[in-house]
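In what follows, a single structure is set out as structure tokens and then discussed.
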Amino acid sequence: MTSALASRRSALLALCLSAAYALGCSDAGSSTTTAEDRDAGLSADSAPPPSPTADAASPTDAGSGAATIAVSASDFDCILDWQKVRGFRVKRIGGGALAESLAVANSASGGTYPPGTVLQLVPTEAMVKREPGFSPATKDWEFFSLSAQSSGTTIRARGTTDVINAFGGNCFNCHNQAQPQWDLICEQTHGCDPLPISSATIQSIQNGDPRCN
Ligand code: HEC
């Protein structure tokens, strides 16, 4: 048994040595992988699942800048009234200045959107930047799947890593592909898989927002 094990080990070693050039089968390679795995584990650990009670918690230290951003269906009104930046629309709720949100949207090097920023590409989907600590996993973004009618907006689903759009796609899984400096914002050049619809189609969907009638 011992010799069988030993010969299996040497066969593995031979395989490793012969593959070393092609595959980087070395101690350095494997310890790098281990370190990366450990880092990934740590960052996952440091992102606890969002607490369903977080919304209900009243801000204990009002004035610290971390006050809860309350979001309701009526915040999602006619998309054409919102500031347009390239293809998407920007609004600010919670009392902060829209100019701060637009500064990030217009920055060539990215940045972190301020709490209360609301973004929409189409009337049925929205991202709202919530207060710091709301959801580390989604960089404090809350995703919304909406139903838009001329009578107003209904929230179909809201949340962090688990919101699904009308086509069965998980918002976070796509938006999380954006390179880190873009704060989960995809646009067309930030590293996300592209949407299967053209910019012209997106614009005509915005123009047809039933809430603008
Ligand atoms: C299949 C991947 C995918 C899914 C699923 C998805 N998105 Fe997006 N989203 C994109 C891409 C790509 C863009 C940029 C499109 C463009 O600018 O042409 C985008 C754009 C946006 C924008 C404008 C800002 C930006 O990131 O460019 C918002 C807001 C948005 N999506 C919200 C949502 C919400 C909310 C959901 C879920 C209800 C969702 N998305 C689901 C890929 C996705």
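Each value in this text was obtained by applying a stated rule to the coordinates, not by laboratory testing. From a predicted model like this one, the values you see are computed outputs, not experimental measurements. A quick note on method: Cβ atoms are made from the backbone with ideal geometry, for glycine too, and the neighbour counts reach across all protein chains shown.
For SER135, the stated conditions do not hold, so it cannot be described as within 24 Å of GLY208 (Cβ to Cβ), more than 8 Å from the ligand (Cβ to nearest atom) and either crowded, with 19+ Cβ neighbours inside 10 Å or of a type in the set (Ser, Thr, Tyr) (or both). Out of the residues in the range 174-190 meeting the condition of being surrounded by 14 or more Cβ atoms within 10 Å (Cβ to Cβ) and not in a loop (DSSP other than H, G, I, E, B), tell me which one is nearest to the ligand (Cβ to nearest atom). The qualifying residue nearest to the ligand (Cβ to nearest atom) is CYS174. A single entry from SER199, SER145, SER204 fulfils the requirement of being polar (S, T, N, Q), exposed (fewer than 14 other Cβ atoms within 10 Å of the Cβ), within 11 Å of the ligand (Cβ to nearest atom) and under 17 Å from ARG89 (Cα atoms): SER199. Close Cβ contacts (under 8 Å, 6 or more residues apart or on different chains) running from residues in the range 127-148 that are closer than 18 Å to ASP77 by Cα to residues that are among the basic types (Lys, Arg) and outside any strand (DSSP E or B) comprise GLU142/ARG130; ALA148/ARG211. Residue count for the range 116-132, restricted to those that are more than 11 Å from the chain's Cα centre (by Cα), crowded, with 20+ Cβ neighbours inside 10 Å and farther than 22 Å from SER204 by Cβ: 3.
Taking the range 87-115 as the range and being among the aliphatic types (A, V, I, L, M), surrounded by 12 or more Cβ atoms within 10 Å (Cβ to Cβ) and assigned to a helix (DSSP H, G or I) as the test, the residues that pass are LEU98, LEU102, ALA103, VAL104, ALA105.
Only residues that are of a type in the set (Ser, Thr, Tyr) and within 7 Å of the ligand (Cβ to nearest atom) were counted in the range 154-173, giving 0.
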